[in-house]
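Okay, structure first, notes after.
What follows is calculated from the coordinates using simple rules that are stated; it is not laboratory data. Quantities reported herein were computed from a predicted structural model and do not represent experimental measurements. Please note: Cβ atoms are built from the backbone with ideal geometry, for glycine as well, and neighbour counts cover all protein chains shown.
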Amino acid sequence: MRQNRTELLLQAIEKRILILDGAMGTMIQRYTLTEEDFRTPALKDHPKALKGNNDLLSLSRPDIIRAIHAEYLEAGSDIIETNTFSGTTIAQEDYGLSTLAYAINFESAKLAREVADEYSRKQPEKPRFVAGAMGPTNRTASISPDVNDPGYRAITFDQLAEAYAEQVRGLLDGGADIILVETIFDTLNAKAALYAIQEVYEQRAIPLSAQEGGIPIMISGTITDASGRTLSGQTTEAFLISVSHVPLLSIGLNCALGAKELRPYLKVLAQEAPFYVSAYPNAGLPNAFGAYDQGANEMADQVREFLKEGMLNILGGCCGTTPDHIRALAKMAAEFAPRKLSFVGTEEESHA
C-alpha cells in the first residue's frame with residue numbers, strides 16, 4: 001500500500017506543484033489550552049510543566065491535531081506534516097519525556113494518516129500524503145553553546161543519529177509516506193538525521209531512492225538572516241552539496257524568512273539541485289511582538305514570482321501561516337507548471 005502511495009506521489013509531482021500544509025504551532029495557539037490539555041492520564045502527576053510541548057498534544061488532545069490536519073486538507077494541501085517537530089528523545093528531555101518519543105511519533109503519524117486517507121477517499125483524483133516531520137532538535141553538533149569554550153559541544157553525532165533513528169521508526173510505523181528533515185540550521189545535525197534514515201531503511205530493506213520504490217526523503221534548510229547562510233555558516237550551494245549524497249525527493253528552504261527574502265536562495269537551488277525543489281516561507285518577517293502580519297493574498301503575490309520563474313515543485317507555509325494562506329497558495333499554484341528536473345544543469349543542457 002505504501003509503495004502504491006509513493007508511485008502516486010511521483011506521478012503527482014511530475015504533473016503539478018504539490019501543496020504542503022502551513023504552521024502547526026500557529027494553529028495550536030488559536031486554542032486556549034491549559035496545562036491540563038497537555039497531560040494524558042498517565043502524566044497526571046508528572047513533576048515538570050508540560051504546557052507548550054505541542055508534540056505531546058498528539059497523545060493528550062488528538063482531536064485538536066486531527067482538526068488542524070483537516071483544515072489544511074480542506075484548504076488544498078496535498079501533503080500534511082506530522083506533529084513531531086520536537087519529537088526526538090533529545091528535545092523531549094527538556095520535559096522529562098524522552099521515553100515517550102517513539103509513541104509521540106507513532107501516534108502523530110497515525111493521526112495524520114487517518115485524516116489523509118479520509119480525504120483521499122473523498123477525492124481519489126487528489127491523493128493526500130503524510131510527511132513525517134523531523135526538526136533540528138534544540139542542540140547543535142557544529143556550534144558551542146558556551147561562548148567561553150568554542151570547542152565544547154552539547155551533543156555528539158552518534159547521539160543525534162540514535163535519537164533520529166527512533167523518530168524515523170515511529171514515523172514509519174505510524175504510516176508516514178515521506179520523511180521530512182526540516183528547518184535545518186546546522187547541516188551536521190541534518191547529516192546525522194540522514195545517516196539515521198539510511199540505517200533504518202537498510203535494517204528494513206527499504207530502498208533509499210523513491211524511484212526504486214523507497215520512502216521519499218525531503219530536506220529543507222533555513223537561511224537565518226540576510227547573509228544568505230545557515231546558522232552554522234553554509235551558503236545555499238554548500239548546503240546542497242553537503243546533502244546531495246542521498247537520493248532525495250526534494251530539497252528546499254523554510255522558516256526564518258518571508259517569501260520575498262527567500263527568493264535569491266531558492267533560485268540557487270532551482271538552478272543547481274538535481275532534485276525537486278520545495279519552499280515554505282514564513283508569513284513575512286515577525287513584528288516587534290514576534291507575530292506575523294502578512295496576509296494570505298500578500299504572501300501569494302510574493303510567491304507568484306517563484307512560480308513565474310518555474311522554481312518550485314512543492315509549496316507551503318511556515319511560521320504564521322494558516323489555512324487561509326494555504327488556500328491562496330494552492331489556488332495560485334494551480335495556474336503554473338512545476339519546475340522540471342530536466343532544466344537542471346548548464347544553459348546548453350537546458351536547451352538540449
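Using mean projected area of the Cα convex hull in nm² as the read-out, say which of [x] 17.9; [y] 29.5; [z] 31.5 was calculated from these coordinates.
Given [x] 17.9; [y] 29.5; [z] 31.5, the calculated one carries the label [x].
Counting other beta carbons within 10 Å of each Cβ, put 46, 245, 325 in order, fewest first. Intermediate results must be reported in sequence, preceding the final value.
Details: 46 14, 245 10, 325 29.
By the 10 Å Cβ count, ascending: 245, 46, 325.
Could you tell me how far the Cα centroid of the stretch 250-308 sits from the Cα centroid of the stretch 60-116, in Å?
What the calculation gives is 24 Å, centre to centre.
In the stretch 217-318, which chymotrypsin sites (Phe, Trp or Tyr not before Pro) fall in coil by DSSP and have 14 or fewer other Cβ atoms within 10 Å?
Values: sites: 239, 265, 275, 276, 289, 292, 306; in loops: 275, 289, 292.
Filter output for the stretch 217-318: 289.
When only DSSP loop residues count, what trypsin sites (Lys or Arg not before Pro) in the stretch 1-45 have their Cβ near at most 16 other Cβ atoms within 10 Å? Spell out each step's value before the answer.
Values: sites: 2, 5, 15, 16, 30, 39, 44; in loops: 16, 30, 39, 44.
Answer by residue number: 16, 30, 44.
Note the full-extension length gain between residue 31 and residue 237 as 0.36 nm times their separation in residues minus their Cα-Cα distance, in nm to one decimal. It would help to have the intermediate numbers written out before the result.
Numbers: separation 206, 0.36 × 206 = 74.16 nm, distance 3.97 nm.
Fully extending the segment from residue 31 to residue 237 adds 70.2 nm.
Springs between alpha-carbon pairs under 10 angstrom, Gaussian network model over the chain: which of 204, 61, 169 fluctuates most?
Sorting by GNM fluctuation, first place goes to 204.
Between residue 44 and residue 67, what is 0.36 nm times their sequence separation minus the Cα-Cα distance? Round to one decimal in nm. If you can, show how the numbers build up before the last one.
On the way: separation 23, 0.36 × 23 = 8.28 nm, distance 2.42 nm.
Separation in residues times 0.36 nm, less the Cα-Cα distance, equals 5.9 nm.
Just to be sure I follow the rule: in the chain, considering lysines 8 or more places apart or on different chains, how many pairs have Cα atoms under 17 Å apart?
Pairs that pass both the separation and distance tests number 10.
Indicate the gyration tensor shape class of the stretch 169-279 (rounded, prolate or oblate), computed on the Cα atoms with a ≥ b ≥ c the square roots of the eigenvalues: a/c under 1.5 is rounded; otherwise a/b larger than b/c is prolate and the rest oblate.
On the way: a/c = 2.07, a/b = 1.88, b/c = 1.10.
Since a/c reaches 1.5 and a/b is larger than b/c, the shape of the stretch 169-279 is classed as prolate.
How far, in nm, would the chain grow between residue 99 and residue 205 when pulled straight, counting 0.36 nm per residue and subtracting the alpha carbon separation?
Numbers: separation 106, 0.36 × 106 = 38.16 nm, distance 2.64 nm.
Residue separation times 0.36 nm, minus the Cα-Cα distance, leaves 35.5 nm.
Using a Förster distance of 45 Å, how high is the FRET efficiency between residue 117 and residue 227, based on the Cβ-Cβ distance and rounded to 0.05?
On the way: r = 43 Å, r/R0 = 0.95.
Given R0 = 45 Å and the Cβ-Cβ separation, E is 0.55.
Share of antiparallel DSSP beta bridges in the stretch 2-350, in percent to the nearest 5? Before the final figure, lay out the partial values.
Values: 1 of 27 bridges.
So the antiparallel bridges amount to about 5 percent of the total.
Once a ≥ b ≥ c are taken as the square roots of the eigenvalues of the Cα gyration tensor of the stretch 83-129, is the result rounded (a/c under 1.5), prolate (a/b larger than b/c) or oblate (a/b not larger than b/c)? Intermediate results must be reported in sequence, preceding the final value.
Working: a/c = 5.55, a/b = 3.72, b/c = 1.49.
Judged from the Cα gyration tensor, the stretch 83-129 comes out prolate (a/c at least 1.5, a/b above b/c).
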